[in-house]
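Just so it is clear, none of the values below were taken in a lab; they were calculated from the coordinates. Values in this document were obtained by computation on a predicted structure and should not be read as measured data. Neighbour counts run over all protein chains shown; Cβ positions are idealised from the backbone, glycine included.
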Amino acid sequence: MYAFFQGKFVPLADAKISVMTHALHYGTGCFEGIRSNWNETEAQLYIFRAADHFRRLHQSAHILHIQIAYGPDELCDIAVELVRRSGLKEDQYLRPLAYKSSEVVANLKAHTLEDDFLMFVVPLGNYLDPSKGVHCATSSWRRIDDMSIPPRAKVTGAYINSVLAKTEAVQSGFDEAILLNADGHVAEGTGENLFLVFDGKLITPGATENVLKGITRDTVIELAREELGIETEERPVDRTELYIADESFLTGTAAHLTPVTKVDHRNVGNGEIGPITKRLQDLYFDVIRGINKKYIDWCLPALGEDGRVQAGAEAQGRTARA
Ligand SMILES: Cc1ncc(COP(=O)(O)O)c(C=O)c1O
């Protein structure tokens with residue numbers, strides 16, 4: 001396994017940072033989670049919506065005063081090269097991280113600190129089990145707010161909020177937590193956006209409800225509109241709507257599209273995976289594996305016929321920094 005670290009591709013075991021690294025102490029980093037999905041029939045690995053993830057990484061970095069030395073296209077090339085070098089023929093997860101790398105204490109002035117970037121790839125199967133419904137708990141922790149730690153930036157330190165909520169939920173026997181905002185409206189899961197189905201329509205908390213504007217969320221909104229003729233309403237969602245929805249599901253790069261069949265010991269609908277959830281899930285899995293060719297533009301192939309980097313990288317005249 002390889003990492004892209006300090007401008008070079010190195011064995012993962014050699015990619016090490018100092019105990020004094022600023023980001024380790026103060027959470028001054030931002031990251032992405034990107035899936036590379038194995039297509040067995042084509043013997044291909046498709047990196048899903050890589051450019052969109054890297055654009056969001058740049059937005060997060062901009063909010064944090066972190067400069068990334070590589071543009072989204074160059075980051076796509078690095079991702080392709082990492083996947084290719086991994087030699088893995090299974091579903092993978094890419095983790096790019098832009099962070100404050102200064103080895104210094106007692107300095108909270110972001111603009112005076114050094115920046116660095118790394119990325120690595122690891123195998124990753126299911127995070128939650130999308131073939132079954134999950135039981136969610138409304139968390140006793142509140143979602144962080146744009147006025148304190150902005151959830152629209154994927155900030156490393158902000159994940160303490162998710163870790164506290166997830167741990168509490170799992171230790172209490174649930175699969176996942178749903179966080180409410182300070183005003184009591186539903187925000188999202190610990191690493192997922194949330195959708196409800198009411199009367200054949202989709203509802204999800206809006207982008208200003210302290211959520212990460214998920215790329216899977218966006219994918220599902222588009223698939224629902226294009227393929228099922230279903231519009232998504234973005235609006236504030238009450239906690240009790242979680243209990244009376246016809247169907248509900250979570251979306252996220254790690255969690256895919258996972259049905260929620262129970263919330264706080266109450267069935268959602270009849271407690272089974274709902275028909276709209278199932279149709280969207282089937283569509284989504286065909287899209288992320290590059291099986292549904294209508295959405296192939298979202299899939300960046302990592303393996304060429306001769307094992308070399310293909311479209312999106314060399315094919316477009318771009319080269320990864322090595
Ligand atoms: C807090 C949070 N919300 C939502 C998501 C879903 O975002 P995406 O679909 O882009 O992975 C994630 C995962 O990255 C997350 O960590």
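Collect the residues in the range 143-174 that are touching a Gly at 6+ places or on another chain (Cβ under 9 Å) and under 24 Å from Y243 (Cα atoms), keeping them in residue-number order.
Of everything in the range 143-174, those that are touching a Gly at 6+ places or on another chain (Cβ under 9 Å) and under 24 Å from Y243 (Cα atoms) turn out to be S162, A165, K166.
Looking only at the range 40-59, count how many residues are in contact (Cβ under 8 Å) with a residue 40 or more places away in the chain, surrounded by fewer than 19 Cβ atoms within 10 Å (Cβ to Cβ) and under 20 Å from the mean Cα position of the chain (by Cα).
3
Taking the range 144-156 on its own, how many of its residues are touching a residue at least 12 places away in the same chain (Cβ under 8 Å) and out of contact with any helix residue (DSSP H, G or I) (no Cβ under 7 Å at 6 or more places or on another chain)?
5
Is it the case that R143 is in contact with a Pro (Cβ under 9 Å, 6 or more places away or on another chain), among the basic types (K, R) and within 16 Å of the ligand (Cβ to nearest atom)?
Taking the combined requirement at face value, the residue satisfies it.
Which residues, counting only those in the range 78-135, are assigned to a strand (DSSP E or B) and more than 30 Å from L45 (Cα to Cα)?
If the condition is that a residue be assigned to a strand (DSSP E or B) and more than 30 Å from L45 (Cα to Cα), then K100, E103, D115, H135 are the ones that fit.
Restrict the check to the range 153-162 and report whether at least one residue is within 13 Å of the ligand (Cβ to nearest atom), surrounded by 23 or more Cβ atoms within 10 Å (Cβ to Cβ) and of a type in the set (G, A, S).
Looking through the range 153-162, none of the residues is within 13 Å of the ligand (Cβ to nearest atom), surrounded by 23 or more Cβ atoms within 10 Å (Cβ to Cβ) and of a type in the set (G, A, S).
One residue is enough: does the range 10-21 have a residue meeting the conditions touching a residue at least 60 places away in the same chain (Cβ under 8 Å) and charged (D, E, K, R)?
no
Kindly list the number of the only condition in (1) free of Cβ contacts under 8 Å to residues at least 40 places away in the same chain; (2) aliphatic (A, V, I, L, M); (3) under 17 Å from S139 (Cα atoms) that fails for I221.
Single failed check for I221: (3).
What number of residues within the range 235-260 are away from the ligand (no atom under 14 Å from the Cβ), out of contact with any Leu (no Cβ under 7 Å at 6 or more places or on another chain) and of a type in the set (S, T, N, Q)?
1
State which residue pairs qualify: first residue without any contact (Cβ under 8 Å) to a residue 40 or more places away in the chain and inside the range 60-84, second residue in a helix (DSSP H, G or I) and of a type in the set (A, V, I, L, M, F, W, C) in any location, beta carbons under 6 Å apart, and separation of 6 or more residues or different chains.
From residues that are without any contact (Cβ under 8 Å) to a residue 40 or more places away in the chain, the pairs are P72/A51; P72/F54.
Please give the strands (runs of 3 or more DSSP E) falling wholly within the range 180-234 in which 3 or more residues are surrounded by fewer than 22 Cβ atoms within 10 Å (Cβ to Cβ) and within 11 Å of the ligand (Cβ to nearest atom).
Qualifying strands (runs of 3 or more DSSP E): none found.
Of these, V186, V197, which one is farther than 29 Å from H62 by Cβ, more than 16 Å from the chain's Cα centre (by Cα) and not small (G, A, S)?
Of the residues listed, the single one that is farther than 29 Å from H62 by Cβ, more than 16 Å from the chain's Cα centre (by Cα) and not small (G, A, S) is V197.
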